[in-house]
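The values are calculated or read from the model by the stated rules, or taken from the named source; none is laboratory data. Quantities reported herein were computed from a predicted structural model and do not represent experimental measurements. Quick reminder, even Gly has a Cβ in these numbers, built from the backbone with ideal geometry, and neighbours come from all protein chains shown.
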Amino acid sequence: MSRAILKVENVDQRFAGLHALKSVSFELVEGEILGIIGPNGAGKSTLFNAIIGTVPPVSGAIHFEGKNVVGWPTHRIAALGIAKTSQTVQVFDEMTALDNVAVAALLSTASVAAARAAAREELEFWGLQGHAGTLAQDLPLAQRSLLELARAMMLRPRILMVDEVMAGLNEIEVDDILDRLMRVNKERGVSLMVIEHNMRALMKISSQILALDYGAVLTLGKPEEVSRHKRVIEAYLGVE
Ligand SMILES: Nc1ncnc2c1ncn2[C@@H]1O[C@H](COP(=O)(O)OP(=O)(O)OP(=O)(O)O)[C@@H](O)[C@H]1O
Ligand SMILES: [Mg+2]
């Protein structure tokens, strides 16, 4: 039976004169991969920031496992089991890949040795074991993106929110990240929300796609339905 792990209800966000989210409602079914699309400025990252609490919404409710987390500090929401990557890769440049992940692991492990061990395992999952001793600043973009995912997974989330982690990568790199995200979902039981402009990538992994436009939900449905939606084609795919 499908069960909602996250319920977003009538969420509104306003910045000065801008109505950035307009009564956004949707459910994330436990175990599903929800893709999120929309033109630049549609409110996709704003939605993630509202969920994780970095910029709480002005109104509406966000229920995680039945608890309304609106107004909670980000660290408490993260501790409940929601992790997010950012649109611009955020890693500690002057630390090694291993230490980047180990620092995140310290939040959930008892000792530095245990954090390092957990970090090594996580690096391996993302195919970064050969880069453990490399400074983050020396990693190519694809590996930096993978490193950010590895860091996020150290929070042991139930929900992982991924914001444009495939931007700037080539097709082979995109396919590699897609495979690993699908394994996070299938093998590790994490529900995913994935913001991505790469429609081919999203179609491949998503069970549902949410399309935002001007802060409002344009449509929510199966990838093949959403990709045929007239307004999605006009607003997002840029076809006249
Ligand atoms: N903290 C903020 N203060 C003021 N305005 C903001 C803030 N965050 C976002 N905005 C504005 O809200 C709108 C939605 O921005 P958002 O970053 O959510 O878009 P997006 O869908 O993620 O776009 P992109 O695909 O370019 O990443 C934009 O007009 C943006 O300038
Ligand atoms: Mg964005």
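In segment 157-166 there is no residue matching the filter, namely being assigned to a helix (DSSP H, G or I), away from ligand 2 (no atom under 16 Å from the Cβ) and either within 17 Å of ILE36 (Cβ to Cβ) or without any contact (Cβ under 8 Å) to a residue 12 or more places away in the chain (or both).
Condition test on VAL69, is it surrounded by 18 or more Cβ atoms within 10 Å (Cβ to Cβ) and closer than 18 Å to LEU6 by Cβ? Before the answer, list the steps.
Numbers: surrounded by 18 or more Cβ atoms within 10 Å (Cβ to Cβ): yes; closer than 18 Å to LEU6 by Cβ: yes.
Taking the combined requirement at face value, the residue satisfies it.
Scan segment 42-65 for residues that are within 16 Å of ligand 2 (Cβ to nearest atom) and touching a residue at least 60 places away in the same chain (Cβ under 8 Å) and the total you get is 9.
When segment 182-240 is filtered for residues that are assigned to a strand (DSSP E or B), under 30 Å from GLU121 (Cα atoms) and of a type outside the set (A, V, I, L, M, F, W, C), only SER191 remains.
Hey, any hits in segment 28-48 for a residue that's of a type outside the set (Lys, Arg), assigned by TED's automatic domain parsing to the domain that holds LYS204, within 25 Å of GLN137 (Cα to Cα) and within 16 Å of ligand 1 (Cβ to nearest atom)? Yes, segment 28-48 has at least one match. When every residue of segment 74-90 is checked against the conditions, at least one turns out to be within 16 Å of MET153 (Cα to Cα), surrounded by 14 or more Cβ atoms within 10 Å (Cβ to Cβ), of a type outside the set (S, T, N, Q) and within 16 Å of ligand 1 (Cβ to nearest atom).
Just to be sure, is LEU147 outside the structural domain of GLN13 (by TED's automatic domain parsing) and buried (at least 18 other Cβ atoms within 10 Å of the Cβ)? Let's see the steps before the verdict.
Details: outside the structural domain of GLN13 (by TED's automatic domain parsing): yes; buried (at least 18 other Cβ atoms within 10 Å of the Cβ): yes.
So LEU147 fits the description; yes.
ALA117 meets all of the listed conditions (1) closer than 30 Å to ASP138 by Cα; (2) within 16 Å of ligand 1 (Cβ to nearest atom) but one, namely (2).
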